[in-house]
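Here's the structure, in structure tokens; my notes come after.
Read-outs: derived from the displayed coordinates by stated rules, not from any lab. None of the values given here were measured: they were computed from a predicted structure. Ideal geometry is used to build each Cβ from the backbone, glycine not excepted, and the neighbour counts take in all protein chains shown.
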Amino acid sequence: MLQEEAMLIPGTHTLKIGVSVIILAVAAFMWFWSNSDREYDAETAEALRGVIYRLRCNSCDHAFEMPAEDYLDDVGAEGVRCPKCGQYKAWRTGSASEVDPAQFREEMALLASIQEVSDAALTVQSEIDRVQDQISATEAAGNDASKLEELREELARLKARSTAIYARWEELARG
Ligand SMILES: [Zn+2]
């Protein structure tokens, strides 16, 4: 009976197989994208660890600082909560480090693929680790304030560069 039906309506099975293939392809595509998003979020959080943002409240003009991770967790359409007036009117004005990630714009434009951006992110992270180790050692020695200051400036620059790299990553990932 089934065979007869299939013979009477040629193409039905082909159509069913075709629909199944499309459903599988869509499912695989969605799985891939949700997974790569999670990976990206984890890497972004890692890159922003220790980065401090400077913020200003549009309502009372209060200036304050907040860890980048907290800012990204809390920020909504109206900004984040101002600790002085309590209104959700505070926005990021820059990194407390004074290094603006925008200064790396030309360099970032040269990173043309996800692979290049990924390599750059790994390199900058190893540099950040190296400078952080040097800072710890210098702090422990406790007698070289100018070297410490220099290392902290270098670290701030590297972190801003890292922020720029992850912004570029996002740009490329979104096409
Ligand atoms: Zn305020």
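Here are some notes:
- The overall shape of segment 93-175, judged from the alpha-carbon gyration tensor, is prolate: a/c is not under 1.5, and a/b is greater than b/c.
- Of all lysines in the structure, those lying under 19 Å Cα to Cα from residue 147, and not within fewer than 8 positions of it along the same chain, are 159.
- Pairwise FRET efficiency - residue 125 versus residue 60, Cβ, R0 = 22 Å, nearest 0.05: 0.05
- The residues 169, 91, when put in order of fewest to most other Cβ atoms within 10 Å, stand as 91, 169.
- As a rough footprinting exposure proxy, the listed residues 152, 81 were ranked by other beta carbons within 10 Å of their own, and the order from fewest upward is 152, 81.
- Computed on the Cα atoms alone, the convex hull of segment 49-95 gives a volume of 57 cubic angstrom per residue.
- Neighbour counts of other Cβ atoms within 10 Å put 54, 174, 105 in the fewest-to-most order 174, 105, 54.
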